[in-house]
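The values are calculated or read from the model by the stated rules, or taken from the named source; none is laboratory data. In this text the structure is predicted, and so the values were computed from the model without any measurement. In this analysis, Cβ positions are derived from the backbone assuming ideal geometry, glycine residues included, and neighbour counts consider all displayed protein chains. Please note that ligands, DNA and RNA were not included when accessible areas were found on the heavy atoms of the full protein model with its side chains. Shrake-Rupley method; radii C 1.70, N 1.55, O 1.52, S 1.80 Å.
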Amino acid sequence: GQLVAETTYILTNENITASLVGIDIQLKEKAAPPTLTRIEPNNGVVTGGTTVQLIGENFQTGATVTVGGNKATDVNFVSSTTLTAKVPEGIAGVADIVLTNPDGQAVTLKGGFTYIQLPPIITKVNPTNGLVTGGTIIAIAGDNFQKGATVRVGGKDATTVTFVSATELTATVPPGKAGEADITVIHPDGQQSTLPAGFTYRLPPPVITDMTPDTDTTAGGTSVTLIGENFQTGAVVKFGRNEAIDVIIVSATEITAKVPQGQAGVVDVTITNPDGQSAAIQFTYTERPRFPAYDVNQDGVINIFDLVLVGG
């Protein structure tokens with residue numbers, strides 16, 4: 001039914017009557033072409049390595065398999081109806097499966113295999129904290145990141161998300177509430193990964209701009225007013241190592257307190273917020289007068305005026 005060979009034999013006038021031509025022909029029944037009905041499993045990750053089973057008919061020993069145009073490895077002839085093979089690397093999406101027998105006959109299963117992109121993996125974030133006002137640029141390390149991925153911090157979309165590589169993204173943190181926040185990376189294909197409490201929002205540190213007055217005797221007791229910013233309820237005020245007395249948080253910009261006893265010299269007055277952040281300003285303790293009982297007018301000097309008052 002099919003011409004497989006051809007030759008020409010030329011007879012001359014001299015030997016036309018005497019020549020005999022002998023032709024030996026070997027006929028072989030042509031094998032049936034392969035058919036491919038399904039692949040199990042019919043999907044796998046883009047990195048390849050998935051072992052699949054090809055089901056069909058008329059498979060031959062030595063058959064080859066390609067997936068999306070790339071040659072599969074470890075092709076194993078199980079029977080005329082079954083082959084196994086390892087899928088090569090590929091691109092996310094559907095791919096054709098082509099099975100070719102050694103006699104050249106082939107079969108294609110259109111879109112028989114689907115490459116799946118791996119889900120993102122987050123391993124760490126740097127830095128791990130920033131102000132509640134947002135704006136901190138973080139680097140997210142991990143694996144399988146895709147171009148076009150988005151990032152959320154505490155449920156809010158980060159801005160300026162940049163794809164650096166499959167193992168790194170950068171993003172600008174949005175404003176948030178003080179405390180821990182989850183970091184989530186979302187791929188364009190919908191796959192996502194979350195690093196719980198991956199970022200911590202912190203309030204801005206306290207700032208002290210002024211203190212009135214900034215001096216007192218070692219006896220203490222003077223009421224002082226501290227002016228600044230970002231003071232928090234529950235803040236602790238210390239003069240050197242000693243805690244202030246009657247501390248009142250008037251507002252985020254003002255605190256009043258009474259000076260505790262101390263030693264003569266310059267000390268730091270520190271305001272420490274409950275979140276551990278602090279600020280300091282200097283304060284001076286002066287020596288108490290040696291004879292305070294006789295310094296009637298409290299001017300720091302015992303003189304004729306005090307003696308007159310005492311005499312009176």
Can you find a residue that is outside any strand (DSSP E or B), among the polar types (S, T, N, Q) and in contact (Cβ under 8 Å) with a residue 60 or more places away in the chain anywhere in region 39-47? yes
Residue check, residue 243 against (1) under 26 Å from residue 178 (Cα atoms); (2) without any contact (Cβ under 8 Å) to a residue 40 or more places away in the chain, all met but one. Which one? (1)
Residues within region 248-281 that are assigned to a strand (DSSP E or B), in contact (Cβ under 8 Å) with a residue 12 or more places away in the chain, more than 15 Å from residue 209 (Cβ to Cβ) and aliphatic (A, V, I, L, M), tallied: 4
Within region 31-69, the count of residues that are among the acidic types (Asp, Glu) and closer than 13 Å to residue 84 by Cβ comes to 1
Looking at region 69-106 only, could you name the residues that are hydroxyl-bearing (Ser, Thr, Tyr) and open to solvent by less than 50 Å² (accessible area, probe 1.4 Å)? 79, 82, 84, 100
